[in-house]
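Comments concern the structure below.
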Amino acid sequence: MSRLDSSNELLVLTDVIYRFGGVNAVNGISITIKCGEAVALLGPNGAGKTTLLNLISGLLIPTAGQITFKNVPMDQCSVHRRARMGMRRTFQRPRNFPTLTAMDNLLIGNVQKRMMWWQVVFGRRDELYLAMQARFTSQYGRDIEDRFPLQLAHGDQRRLEVLSCLSSEPVLLLLDEPGAGLNSDEKSELADLLRAARRSYPISYLVVDHDLSFIEMICDRSVVMNSGTMVVESDIAPPASAGAVSAAGGHEVDAC
């Protein structure tokens, strides 16, 4: 996939360290992500990938180093402020609102851009709802907007979480193993959704996943971590040479 032509630095990590129990779970990571760029974060289990996403999204505070988002240092920046600045993330297990319908989960993503939370919870039904309904049904191809998340199949729960994030048009989306538990068709559908968003506007992705074929569908380049450190950074390799990227850290990156 060709990356968008942009030299703007959206996210910059400089010598980021996170120490936990005397161990450096993240040890001196420096990464730059440009506007409109999709970057894969690869490595074996325990490499520090999810910890790094937690540091970027504000769930953890770095022990040392600096994280800058949209040219603003994140040292004292809360999770909700990062969200208002256009940062979103998903988790290894879908985290939708279980007591809201699928459609209201999608609408809640628009709270910070167009609506107040109570307008969603107490049933605002206007042109925004109709627009979101059209987007939702076009993605799912069937009428399930009134069902609750736990009534949906795992693949639909995952796609709902991603759609809810995308509905607010973030500039940076952190995806933690979005393909986990999905079959090949569901992964292709999710990749189509993420590619469509990039065609609409210059959104950036940082994607953690173990399936290299899925990564190749959505990312421009990869960063490989091992034991908390960055081992290698390169453009996404074609399928025939993907094993070389996987082996760069001395550990095989298993494909799901």
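The values are calculated or read from the model by the stated rules, or taken from the named source; none is laboratory data. Note that the coordinates shown come from a computational prediction; the quantities given were computed from them, not determined experimentally. All Cβ positions, glycine included, derive from the backbone under ideal geometry; neighbour counts span all protein chains shown. Only protein heavy atoms, including side chains, enter the accessible area calculation; ligands, DNA and RNA are left aside. Shrake-Rupley method; radii C 1.70, N 1.55, O 1.52, S 1.80 Å.
The table below gives the values:
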| read-out | value |
| --- | --- |
| Filtered residue count, segment 64-73, keeping only those that are assigned to a loop (DSSP other than H, G, I, E, B) and either of a type in the set (Asp, Glu) or surrounded by 15 or more Cβ atoms within 10 Å (Cβ to Cβ) (or both) | 1 |
| Condition met for Arg199 (crowded, with 23+ Cβ neighbours inside 10 Å and in a helix (DSSP H, G or I)) | no |
| Test: Ile33 is at pLDDT 95 or above, over 21 Å from Leu172 (Cα atoms), touching a strand residue (DSSP E or B) at 6+ places or on another chain (Cβ under 7 Å) and β-branched (Val, Ile, Thr) | no |
| Set Pro98, Pro94: member being of a type outside the set (Gly, Ala, Ser), within 18 Å of Thr50 (Cβ to Cβ) and either open to solvent by 30 Å² or more (accessible area, probe 1.4 Å) or in a loop (DSSP other than H, G, I, E, B) (or both) | Pro94 |
